[in-house]
Amino acid sequence: VAVLGLDRAALQEACDEASARGCVVIANYNCPGQLVISGSVEAVDAACAKLKEAGAKRALRLPVGGAFHSPLMEPAKVELEKAINEAPFQAPVCPIYQNVDAKPQTDPATIKANLIAQLTSSVRWTESVQNMIAAGADEFVECGPGKTLRGMIGRIDKTVKAHGVNE
């Protein structure tokens, strides 16, 4: 569920209160004012009821096929870890910012570990973008259809450029 207009602390409190009904966590820190929760249907529904009380502008159910970026994805880690560990990795030519820790990484072993951890970890997009800007990035190019990431980047920092690959 995408949650609009509620800060991290209030959303975390709603998730904590709803966790008696099952697993519910903040799955995505997309941009200021836009967070996403993930988990079991019962716990997410319970959190949604609390979100309205806490002042959320909107709670929009997303059409997804699983409780991504939550502990409920733990069983899928076995296959993912096997595939990642079998894939050849080399040191990148530039730092890779992974959403699991939002830090620049160049060590192939760390990059592999983070790819595996991302399945059950929150997407720290806001922090990733902020860290890239702090390291000197001033232009972002979104590959693929849509403008979702560009919109988020604009809400994170209006001073940087964000455009699509065909623009």
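The values are calculated or read from the model by the stated rules, or taken from the named source; none is laboratory data. Here the structure is a predicted model, which means the values were calculated and not measured. Glycine gets a Cβ as well: all are built from the backbone with ideal geometry, and neighbour counts include every protein chain shown. Each accessible area value is taken on the protein alone, full model and side chains, heavy atoms only, with ligands, DNA and RNA left out. Shrake-Rupley method; radii C 1.70, N 1.55, O 1.52, S 1.80 Å.
Things worth noting here:
- Verdict on Ser121 being within 23 Å of Ala14 (Cα to Cα) and out of contact with any Asp or Glu (no Cβ under 8 Å at 6 or more places or on another chain): yes
- Filtered residues of the stretch 33-44 (kept if in contact with a helix residue (DSSP H, G or I) (Cβ under 8 Å, 6 or more places away or on another chain) and at pLDDT 95 or above): Gln34, Leu35, Ile37, Ser38, Gly39, Ser40, Glu42, Ala43, Val44
- Of all residues in the stretch 67-88, at least one satisfies being in a loop (DSSP other than H, G, I, E, B) and more than 16 Å from the chain's Cα centre (by Cα).
- Test set (1) in contact (Cβ under 8 Å) with a residue 24 or more places away in the chain; (2) surrounded by fewer than 21 Cβ atoms within 10 Å (Cβ to Cβ) - Val3 fails condition number: (2)
- Matching entry among Val25, Val64 (being open to solvent by 20 Å² or more (accessible area, probe 1.4 Å), out of contact with any Lys or Arg (no Cβ under 7 Å at 6 or more places or on another chain) and part of a strand (DSSP E or B)): Val25
- Checklist (1) out of contact with any helix residue (DSSP H, G or I) (no Cβ under 6 Å at 6 or more places or on another chain); (2) open to solvent by less than 80 Å² (accessible area, probe 1.4 Å); (3) more than 25 Å from Cys23 (Cβ to Cβ); (4) without any contact (Cβ under 8 Å) to a residue 24 or more places away in the chain applied to Glu86, failing item: (2)
- Restricting the stretch 51-61 to residues that are open to solvent by 60 Å² or more (accessible area, probe 1.4 Å) and not in a loop (DSSP other than H, G, I, E, B), the residue that is farthest from Asn30 (Cα to Cα): Glu53
- Some residue of the stretch 33-42 being surrounded by fewer than 19 Cβ atoms within 10 Å (Cβ to Cβ), touching a residue at least 60 places away in the same chain (Cβ under 8 Å) and part of a loop (DSSP other than H, G, I, E, B): yes
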